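Asker: Pasting a structure here, questions to come.
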Amino acid sequence: MIYSELLKLAIVKSRLSLSEISGELRELGFSADKTYLSKLQNGRIPPASNKLNEALAKILHIDALELKVAAYREKIPQDVLEKLLIS
């Protein structure tokens, strides 16, 4: 599953609004507003950093590693990803 789909599904399942998630992120020391979260879940911007993904996973009660793997899969250039899969 791609990062944005995974994140969107987790947000829907959590029943939290983007504003609520943003507020919880602020409590954890992040400044991700609901516009940024919307862009992440709709795939309009690249996946978030590891630290932010860990915080999102905590808030949304999902596996942080699964979210980070989906993010890396999109961030790694295709030729490098192919080489990793062959090795």
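Asker: Using only DSSP helix segments of four residues or longer, with each worth -39500 (n - 2.57), what per-residue ellipticity at 222 nm results for the chain after dividing by its residue count and rounding to 500? The partial results should precede the final answer.
Answerer: On the way: 6 runs with 62 residues, N = 87.
My calculation for the chain gives -21000 deg cm²/dmol from helical runs alone.
Asker: Sticking with this structure for a sec: Going Cα to Cα from residue 51, which lysines come in below 17 Å? Please leave out same-chain ones fewer than 8 positions away.
Answerer: The reachable lysines, counting only those whose Cα sits under 17 Å from residue 51, are 68, 75.
Asker: Follow-up question, since we're still on this one. Take residue 63 and residue 38, extend 7 Å from each Cα along the Cα→Cβ direction, and tell me the distance between the two endpoints in nm.
Answerer: 3.1 nm
Asker: What ratio of Cα Rg to 2.2 N^0.38 Å holds for the chain? Could the numbers behind the result be given before it?
Answerer: Numbers: Rg = 13.3 Å, N = 87, 2.2 N^0.38 = 12.0 Å.
So the chain has a normalised radius of gyration of 1.11.
Asker: Let me ask you something else. For the chain, take the longest principal axis of its alpha carbons; what is the angle in degrees between that and the long axis of helix 3-14, to the nearest 10 within 0 to 90?
Answerer: Orientation of helix 3-14: about 30 degrees from the principal axis.
Asker: List the residues of region 34-62 whose backbone N lies under 19 Å from a point placed 7 Å from the Cα of residue 84 along the Cα-to-Cβ direction.
Answerer: So the set is 46-54.
Each value in this text was obtained by applying a stated rule to the coordinates, not by laboratory testing. Everything numeric in this text was worked out from a predicted model, so none of it was measured. Cβ coordinates were reconstructed from backbone atoms using ideal geometry, including for glycine residues, and neighbour counts include every protein chain displayed.
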